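Participant: Following this message is one structure expressed as structure tokens.
The values are calculated or read from the model by the stated rules, or taken from the named source; none is laboratory data. The structure presented is a predicted model; accordingly, all values stated were derived computationally and were not measured. Heads up, the Cβs are rebuilt from the backbone with ideal geometry, glycines too, and the neighbour counts pull from every protein chain shown. Just the protein is used for accessible areas: all its heavy atoms, side chains included, with ligands, DNA and RNA removed. Shrake-Rupley method; radii C 1.70, N 1.55, O 1.52, S 1.80 Å.
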Amino acid sequence: MKVVLFCGGLGTRIRDFAENAPKPLVRIGYRPILWHVMKYYAHFGHKDFILCLGYRADAIKDYFLHYDEALSNDFVLDGGGGVELLTSDIEDWRITFVDTGVTSGIGERLRRVRPHLEGEEVFLANYSDGLTDLDLPTYVESVRSQDRIASFLCVRPTQTFHVVKDQDGGIVTNVEPVAESDVWINAGFFLFKQEIFDYIREGEDLVLEPFERLIGERQLLAYKYTGFWTAMDTFKDRERLEDLWSAGKAPWIMW
């Protein structure tokens, strides 16, 4: 299946760390988080990618045009300066780069890559900043068996906020960490049928109007998952992911 990745956002919450680089190029270890997401899909055999570009599209294009395999692979260097790679990351990947607009919402970005999905009965899609140890084949098999138009991964939030319940008049009856509440959130890792395009109007986001239409027709599934999942939204998130990678304890590295 082809994999659509949304890479065009401004990433304002991590901008101070990334300076003017797009968030998908913020590094964890030797490689940017976008690479980690793509490597995850490639591990399960999905190596045909469509990147929905926007903010700093040039930087993402440049990264792959000048990709250095030796950075994260073993190699032999001979006396004449020749390099013999012993392993390779992306030699069998196919990557389509599409400028979908700097200010476009996710739904509009998806609409603009529709021509590149012709003939695909089902395809995968995702944000470019979420990592998980989800067994992708199990997820795909489960949601496809229920034969709905769209599905997404549903997880408990990882933030440290607290959920507050109150009665009339503002009297608080309960305060609990959001991660321990009954709140579940959309974590991406979408699986779509081609019919998803019938539910997205020009200029719309994805999880607002289109998902409301799908809900009304009982065509949207949420796959609840309690394993590892996290998104890199802030500098603190990036530091936590870097620490996991440095310690050799990164759950998303399944390859």
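Participant: Before we move on, is residue 138 in a loop (DSSP other than H, G, I, E, B) and polar (S, T, N, Q)?
Facilitator: no
Participant: For segment 141-155, what are the residues that are farther than 26 Å from residue 204 by Cα and either outside any loop (DSSP other than H, G, I, E, B) or under 17 Å from the mean Cα position of the chain (by Cα) (or both)?
Facilitator: Passing the criteria: 141, 142, 145.
Participant: Can we say residue 169 is part of a loop (DSSP other than H, G, I, E, B) and open to solvent by 40 Å² or more (accessible area, probe 1.4 Å)?
Facilitator: Answer is yes for this residue.
Participant: Of the residues that make up segment 158-180, is at least one modelled with pLDDT under 85, closer than 22 Å to residue 40 by Cβ and of a type in the set (S, T, N, Q)?
Facilitator: Yes, segment 158-180 has at least one match.
Participant: A further question follows. Can you pull out every residue in segment 172-199 that is surrounded by fewer than 16 Cβ atoms within 10 Å (Cβ to Cβ), outside any helix (DSSP H, G or I) and among the charged types (D, E, K, R)?
Facilitator: 176, 182
Participant: Would you mind stating whether residue 3 is hydrophobic (A, V, I, L, M, F, W, C), more than 30 Å from residue 243 (Cβ to Cβ) and touching a His at 6+ places or on another chain (Cβ under 8 Å)?
Facilitator: It is false that residue 3 is hydrophobic (A, V, I, L, M, F, W, C), more than 30 Å from residue 243 (Cβ to Cβ) and touching a His at 6+ places or on another chain (Cβ under 8 Å).
Participant: Moving to a separate point now. Mind checking which pairs have a first residue in segment 234-250 that is surrounded by 12 or more Cβ atoms within 10 Å (Cβ to Cβ) and a second that is modelled with pLDDT under 95 and basic (Lys, Arg), Cβ under 7 Å, 6 or more apart or different chains?
Facilitator: 234/13
Participant: Hey, could you check segment 200-227 for residues that are assigned to a helix (DSSP H, G or I) and in contact (Cβ under 8 Å) with a residue 40 or more places away in the chain and say which is surrounded by the most Cβ atoms within 10 Å (Cβ to Cβ)?
Facilitator: 210
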